[in-house]
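Below: one structure, written as structure tokens.
The values are calculated or read from the model by the stated rules, or taken from the named source; none is laboratory data. Since we're looking at a predicted model, the values are computed, not measured. Here the Cβ positions follow ideal geometry from the backbone for every residue, glycine too, while neighbour counts run over all protein chains shown.
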Amino acid sequence: MANIFSSYFLPVTLAIITLGMGLSITHRDFKNVFYRPRAVLIGICCQILLLPLVAFGIAMITNIDPYFKVGLIIIAACPGGATSNLVTYLLNGNVALSISMTALNSIITLVSIPVNVSIALMTFLHTDAEIHLDVWDTILKVFLLTIVPAYIGVTIRHRKSEFAERLNRPLKVILPLILLLVYFGVVFVDEGSETATFMDFINLLPYTLLLNALAMFLGWQVAWISKLKRRERFTVAIEVGLQNSALAIFVASYLLGNREMALVAVVYGSFTFFSTAFFAWGIKRISKP
């Protein structure tokens, strides 16, 4: 029971949040994403190619501990998650695009995480390690935590559109509060070895914040150069800028058995919901329709 919030409350909460966001989406929204897949492809390419390059660049030009450098790469190699979907929802972005990118990238990272982490280990620690992610377990989690709840929400909206519309405004307050309460439990109640001290936070904050901000800015720039629509531009920026810190902690702690690498994800996950929401709000305000 040491990790009750991480093991039980967090997955259920993420599914509930995705269901709530599904209430704001129609079947047509998802059809548009796949009938016109340009935005998805551009966003996925930014996540798979651009984001790791940004992380490697930051790691190369800084003199932080090599284990922290690998931790940055692990963060960049992870997909977005329900948190990025929630920020998109709160800012009235293209939620169908966000959820689709999260689901697709979660499958692609079965290959990209081992590749990126292996390169990082060889580059910064001159060592190697076998990284194996359970294919069927990952696919099942993506299906149960992303696709199924979203489909249920979309179906409810299709059949009870007025009910879904009435829930839209209160859910924009309720869903973030639920997520924050569960994260509070994960950080302060669950017993784990990946507890960041104040000095860890101070030392790692500049680099994790730079990764978050630079990834968002470049994701938005690529989307703008590609002439995506305004909602798609800042949706791609959010999805590229905010990664799944829980998965990064799992890779660092359980697959690599290294606390220093995991600390990077702990610090990153402690503030990026707020910083991403702030950056995305700014991008949304300054970008022309």
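Give, as residue ranges, the helices (runs of 4 or more DSSP H) completely inside segment 59-142 that count at least 2 residues that are at pLDDT 85 or above and within 21 Å of V236 (Cβ to Cβ). Give the steps one after another, and end with the answer.
Working: elements: 66-77, 82-90, 95-120, 135-142.
Those helices (runs of 4 or more DSSP H) span 66-77, 82-90, 95-120.
Name the residues in segment 103-124 that are under 12 Å from I48 (Cα atoms) and among the hydroxyl-bearing types (S, T, Y), would you? Quick ask: steps written out before the conclusion?
Start the filter on segment 103-124 by keeping residues that are under 12 Å from I48 (Cα atoms), which leaves 104-113, 115-116.
S106, T109, S112 - these are the residues of segment 103-124 that are under 12 Å from I48 (Cα atoms) and among the hydroxyl-bearing types (S, T, Y).
Within the option set R230, R259, being farther than 20 Å from M101 by Cβ and out of contact with any Phe, Trp or Tyr (no Cβ under 8 Å at 6 or more places or on another chain) holds for one residue only, R259.
For (1) more than 21 Å from K227 (Cβ to Cβ); (2) of a type in the set (S, T, Y), each residue gets a yes or a no:
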residue	(1), (2)
F9	yes, no
T13	yes, yes
M21	yes, no
Y35	no, yes
V40	no, no
P52	yes, no
T62	yes, yes
D65	yes, no
G80	yes, no
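Among the residues of segment 20-42, is any out of contact with any helix residue (DSSP H, G or I) (no Cβ under 8 Å at 6 or more places or on another chain) and either under 17 Å from L211 (Cα atoms) or among the aliphatic types (A, V, I, L, M) (or both)?
Keep residues of segment 20-42 that are out of contact with any helix residue (DSSP H, G or I) (no Cβ under 8 Å at 6 or more places or on another chain), which gives 28, 31, 35-38, 41.
Now drop any that are not either under 17 Å from L211 (Cα atoms) or among the aliphatic types (A, V, I, L, M) (or both), which leaves 41.
Yes, segment 20-42 contains a residue that is out of contact with any helix residue (DSSP H, G or I) (no Cβ under 8 Å at 6 or more places or on another chain) and either under 17 Å from L211 (Cα atoms) or among the aliphatic types (A, V, I, L, M) (or both).
For segment 244-280, the set of residues classified as touching a Ser or Thr at 6+ places or on another chain (Cβ under 7 Å) and among the hydrophobic types (A, V, I, L, M, F, W, C) consists of A262, V264, A265, V267, F273, listed by residue number. Evaluated against (1) surrounded by fewer than 24 Cβ atoms within 10 Å (Cβ to Cβ); (2) closer than 25 Å to S253 by Cβ; (3) among the small types (G, A, S); (4) over 14 Å from the mean Cα position of the chain (by Cα), A103 falls short on exactly one condition, (4). In segment 17-40, the residues that are in contact (Cβ under 8 Å) with a residue 40 or more places away in the chain and buried (at least 21 other Cβ atoms within 10 Å of the Cβ) reach residues that are among the basic types (K, R) and assigned to a loop (DSSP other than H, G, I, E, B) with C-beta atoms within less than 9 angstrom, at least six apart or across chains, in these pairs: A39/K229.
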